[in-house]
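Below you'll find the structure, written out as structure tokens, and then a few comments.
The values are calculated or read from the model by the stated rules, or taken from the named source; none is laboratory data. From a predicted model like this one, the values you see are computed outputs, not experimental measurements. Note: ideal-geometry Cβ built from the backbone for every residue, glycine included; neighbour counts use all protein chains shown.
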Amino acid sequence: MSNGLTTRTAVVVGATGIIGRAIGAKLAELGGWRVIGVTRSGGTVPGVDETIAVDLLAPEEARRRLAPAAGATHLFFAAYLPQTSWAAEVGPNLTMLVNAVEGLEAVGAPLQHVTLITGAKYYGVHLGPSAAPAVETEPRHLGPNFYYDQEDYLRSRTDAAWRWTNLVPTHLTGFATGNPMNLALAIAVYASLIRAAGRRLDFPGTAAAFGAMTQVVDAEQLAEAAAWSAVAPRAASEVFNVANGDPTRWSQLWPAFADYFGVPAGGPRPIPLSSFMPELAPLWKEMAAKYGLAQPELGSLVNWGFLEFMFAIEYDIVLTLGKIRRAGFARHPDTLEGFFRRFDEYRGARIIPTF
């Protein structure tokens, strides 16, 4: 929260999401920041001093509603508006960034830095096998990608006094509710249902996906990198990959997940989660009543198609981390410990049961 030592004012766009929530919490923890969250709803966010409801697709509304953020010195942009195709995503997601930046400029905000959060789709991992490890200088892939349009806008603003950084994270874990595309929560719900049903914890994907190399970034790690990028001179006008650290494989993580949830560990077995898991909704409702869970509706908790997609990736997704470390950000958390910490949080919040 704000205090007498506050010297900077941060605007966090997408403050209720996994990333935005983590950034707000990190800045509050560091101190010296006044944090303003921008969301479509304007709902309260833990650790944030003030929230503003803004439709960033409407430029005039952005200019009007961002007036309380006229003192903003730093912008953290972590919003994403999904669409029906890659091409359709470009327009609205670019518009939101432009209206956030230019809306703050219109109300006289003395912006010093803009931190953009994109993702590994920057390297085309959503299209198929890509460079692994991927370096920040990889050529752009063919076809629409709104990450490129957002970055190009920031690069084009040579007239501005502010500088920018683009952070490119890998698969994300974190704590958030109301976001069904949540890797740590989806795994935790899946494993909890498996235990309640008395089954083995099979990996619901192919053997190739089970053995493929991957990287994970916890929201806390990404938030720490975002806070660093906002004030580090060597981060200005740069693109940095961000991950927890060492690559891993689902085959290495899976036995530890099974042990955490107290179920037998299985191997790869392709399971159509989006078809099979909704059938367990009555079981989840029973579990919610028995353990006093916060969300009895399974369909509102997890997007099974998302988890099915994640466990169908049969190629390596690995990003190099040398550039960000050489620039001064060297935090290197353990991925498995990060999963366990998130599972503990979801148990503590009664999102999943403590058996």
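Of the residues making up segment 263-279, those that are over 17 Å from Leu183 (Cα atoms) and touching a helix residue (DSSP H, G or I) at 6+ places or on another chain (Cβ under 6 Å) are Val263, Ala265, Pro268.
Filtering segment 96-125 to residues that are in contact (Cβ under 8 Å) with a residue 24 or more places away in the chain and assigned to a loop (DSSP other than H, G, I, E, B) leaves Val107, Gly108, Ala109, Pro110, Leu111, Gln112, Thr118, Gly119, Val125. In segment 47-57 there is at least one residue that is in the same structural domain as Trp162 (by TED's automatic domain parsing), more than 16 Å from Thr9 (Cα to Cα), crowded, with 17+ Cβ neighbours inside 10 Å and touching a Ser or Thr at 6+ places or on another chain (Cβ under 8 Å). Residue-level check: of (1) of a type outside the set (Lys, Arg); (2) outside any helix (DSSP H, G or I); (3) free of Cβ contacts under 8 Å to residues at least 60 places away in the same chain, Ser275 misses just (2).
Answer yes or no: is there a residue in segment 336-351 that is under 30 Å from Tyr122 (Cβ atoms) and in contact with a His (Cβ under 9 Å, 6 or more places away or on another chain).
no
Scanning segment 329-355 for residues that are farther than 18 Å from Pro169 by Cβ and assigned to a loop (DSSP other than H, G, I, E, B) turns up Ala349, Arg350, Ile351, Ile352, Pro353, Thr354, Phe355.
One line per residue, one yes/no per condition, for (1) closer than 30 Å to Gly143 by Cα; (2) at pLDDT 95 or above:
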{"position": "Asn3", "(1), (2)": "no, no"}
{"position": "Ile18", "(1), (2)": "yes, no"}
{"position": "Val35", "(1), (2)": "no, yes"}
{"position": "Thr44", "(1), (2)": "no, no"}
{"position": "Arg64", "(1), (2)": "no, yes"}
{"position": "Ala79", "(1), (2)": "yes, yes"}
{"position": "Ala87", "(1), (2)": "yes, yes"}
{"position": "Asn93", "(1), (2)": "yes, yes"}
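Matching residues to (1) touching a residue at least 40 places away in the same chain (Cβ under 8 Å); (2) outside any loop (DSSP other than H, G, I, E, B); (3) closer than 16 Å to Ala106 by Cβ; (4) touching a helix residue (DSSP H, G or I) at 6+ places or on another chain (Cβ under 9 Å):
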residue	(1), (2), (3), (4)
Gly37	no, yes, no, yes
Ser41	no, no, no, no
Arg64	no, yes, yes, yes
Pro82	no, no, no, yes
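Let's see how each residue does on (1) of a type outside the set (Asp, Glu); (2) modelled with pLDDT of 95 or more; (3) exposed (fewer than 14 other Cβ atoms within 10 Å of the Cβ):
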position	(1), (2), (3)
Pro268	yes, yes, no
Lys290	yes, yes, yes
Glu314	no, yes, no
Arg325	yes, yes, no
Leu336	yes, yes, no
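Restricting the first member to segment 232-250 and to residues that are farther than 11 Å from Trp164 by Cα and touching a residue at least 24 places away in the same chain (Cβ under 8 Å), and the second to residues that are assigned to a strand (DSSP E or B) and charged (D, E, K, R), the beta-carbon pairs closer than 8 Å and six or more apart or on different chains are Asn244/Asp218.
Restricting attention to segment 278-304, the residues being among the small types (Gly, Ala, Ser), touching a Ser or Thr at 6+ places or on another chain (Cβ under 9 Å) and part of a helix (DSSP H, G or I) number 0.
Picking from residues in segment 126-142 that are small (Gly, Ala, Ser) and either touching a Gly at 6+ places or on another chain (Cβ under 7 Å) or free of Cβ contacts under 8 Å to residues at least 40 places away in the same chain (or both), the one that is nearest to Val239 (Cα to Cα) is Ala131.
Do the conditions hold for Phe276, that is, is it of a type outside the set (Val, Ile, Thr) and surrounded by fewer than 18 Cβ atoms within 10 Å (Cβ to Cβ)? It is true that Phe276 is of a type outside the set (Val, Ile, Thr) and surrounded by fewer than 18 Cβ atoms within 10 Å (Cβ to Cβ). When restricted to residues that are surrounded by fewer than 19 Cβ atoms within 10 Å (Cβ to Cβ) and in contact (Cβ under 8 Å) with a residue 40 or more places away in the chain, segment 143-162 contains 8. Scanning segment 103-140 for residues that are touching a helix residue (DSSP H, G or I) at 6+ places or on another chain (Cβ under 7 Å), surrounded by fewer than 17 Cβ atoms within 10 Å (Cβ to Cβ) and closer than 21 Å to Arg65 by Cα gives no hits.
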